[in-house]
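Input: a single structure, listed below in structure tokens.
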Amino acid sequence: MLLQNEEAVDRFSYILKKLVDVATEDHYNPYKEFEWVDSLDPNQMWMSPSLMSIYNTTFYNELPEAQIQALSKWESINFYSLNVHGIRELLIEVIKRIHTEGFELPSEFFHHFIGEENEHMWFFSKFCLNYGGKIYVDKKVIIENSGKEIFENFLVFARILIFEEIVDYFNICMGSDQSLHPIIRKINKVHHMDESRHIAFGREIVKLLHNDLKETQSIEQLYQLETYIKRYMVSSINSLYNPTVYKDAGFEEPYAIRNKLIALPERVEMHEKILKRTTDFFVKNEIFSNKELF
Ligand SMILES: [Fe+2]
Ligand SMILES: [Fe+2]
């Protein structure tokens, strides 16, 4: 990473120090933090209605309550499973870069990040295994490597930021939803606290890495990266619609229902809402030339 001038170095160092100080101060023991109940009643909502894949559609008004509750259970297990897989991928990428050339400044922050993400992966997987009896398998397409370090550095941190922002949208909502069981509220709230630092860091590093690209790459190449990031955002949204989830919740044609839901205009409206904060960030910082995603 090239920090173009002293001012940029100072600003980045200042932000990193603040984030490291808060992470040190607020550090908690995740292995003692949660009161894991033996089981969760299936006859309740496990996820806030507005986060479910049927929200804002006729399905939500027409399905029997018991099926909506079952779907909320399996969609929440899918959400935490996506967290487990997403964290594994981002840990691999951050560990590849810590204490390597170009990443000297954020390495101290990376130690906190890696430690915290390991703990998040632990509590999300524990939730899935305790209350769902499984972690859904990772169906994400293999991410192709461009073979160019300067692109990869940028794309890795852009992907991490997108992942963390989508998750945070869910965490913010469920962390304060009084209708949810305390353990559900708690893991979402605790995760949101740590992620607010990760997202603040992510935004800084993505801007810096994009500056490197603007200095050295052609307009066409920058546009290709924009297209790639947008595709990644759409595929992240699509992973919220898992056919196995619909099957587990008792739907007869799980693939058909998935494809139907994903394409509904009412759902596209929700996708844009979930991604709004991220899209606005990319547009504001001229990483995107427009807001169009779908
Ligand atoms: Fe996390
Ligand atoms: Fe994170």
Go through (1) among the aliphatic types (A, V, I, L, M); (2) within 15 Å of ligand 2 (Cβ to nearest atom); (3) open to solvent by less than 10 Å² (accessible area, probe 1.4 Å) one by one and return the number of the condition MET174 breaks. (2)
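A quick yes/no check of all residues on (1) of a type in the set (Val, Ile, Thr); (2) open to solvent by less than 40 Å² (accessible area, probe 1.4 Å); (3) touching a strand residue (DSSP E or B) at 6+ places or on another chain (Cβ under 9 Å); (4) within 16 Å of ligand 1 (Cβ to nearest atom):
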position: ASN5; (1), (2), (3), (4): no, no, no, no
position: VAL9; (1), (2), (3), (4): yes, no, no, no
position: LEU16; (1), (2), (3), (4): no, yes, no, no
position: ASP21; (1), (2), (3), (4): no, no, no, no
position: GLU25; (1), (2), (3), (4): no, no, no, no
position: SER72; (1), (2), (3), (4): no, yes, no, no
position: PHE79; (1), (2), (3), (4): no, yes, no, yes
position: VAL84; (1), (2), (3), (4): yes, yes, no, yes
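For (1) of a type in the set (Ser, Thr, Tyr); (2) within 16 Å of VAL156 (Cβ to Cβ); (3) within 16 Å of ligand 1 (Cβ to nearest atom), each residue gets a yes or a no:
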position: ASN188; (1), (2), (3): no, no, yes
position: ASP194; (1), (2), (3): no, no, yes
position: ILE199; (1), (2), (3): no, yes, yes
position: VAL206; (1), (2), (3): no, yes, no
position: ILE219; (1), (2), (3): no, no, no
position: TYR223; (1), (2), (3): yes, no, no
Residue count, the stretch 209-226, condition touching a residue at least 40 places away in the same chain (Cβ under 8 Å) and either touching a strand residue (DSSP E or B) at 6+ places or on another chain (Cβ under 6 Å) or among the aliphatic types (A, V, I, L, M) (or both), comes to 3
Tell me which residues, restricted to the stretch 107-137, are within 16 Å of ligand 1 (Cβ to nearest atom) and either more than 24 Å from ILE205 (Cβ to Cβ) or among the polar types (S, T, N, Q) (or both). ASN118, TRP122, PHE123, SER125, LYS126, PHE127, CYS128, ILE135
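Mind checking which residues of the stretch 247-265 are open to solvent by less than 60 Å² (accessible area, probe 1.4 Å), assigned to a helix (DSSP H, G or I) and either modelled with pLDDT under 95 or not small (Gly, Ala, Ser) (or both)? Full working, then the answer.
We begin by selecting, within the stretch 247-265, every residue open to solvent by less than 60 Å² (accessible area, probe 1.4 Å); these are 248-251, 254, 256-258, 261-262, 264.
Pick out the ones that are also assigned to a helix (DSSP H, G or I) and you get 248, 254, 256-258, 261-262.
Correct list: ASP248, PRO254, ILE257, ARG258, LEU261, ILE262.
The values are calculated or read from the model by the stated rules, or taken from the named source; none is laboratory data. None of the values given here were measured: they were computed from a predicted structure. For neighbour counting, all protein chains shown are included, and Cβ atoms are generated from backbone atoms with ideal geometry for every residue, glycine included. The area values use the complete protein model at the heavy-atom level, side chains included, leaving out ligands, DNA and RNA. Shrake-Rupley method; radii C 1.70, N 1.55, O 1.52, S 1.80 Å.
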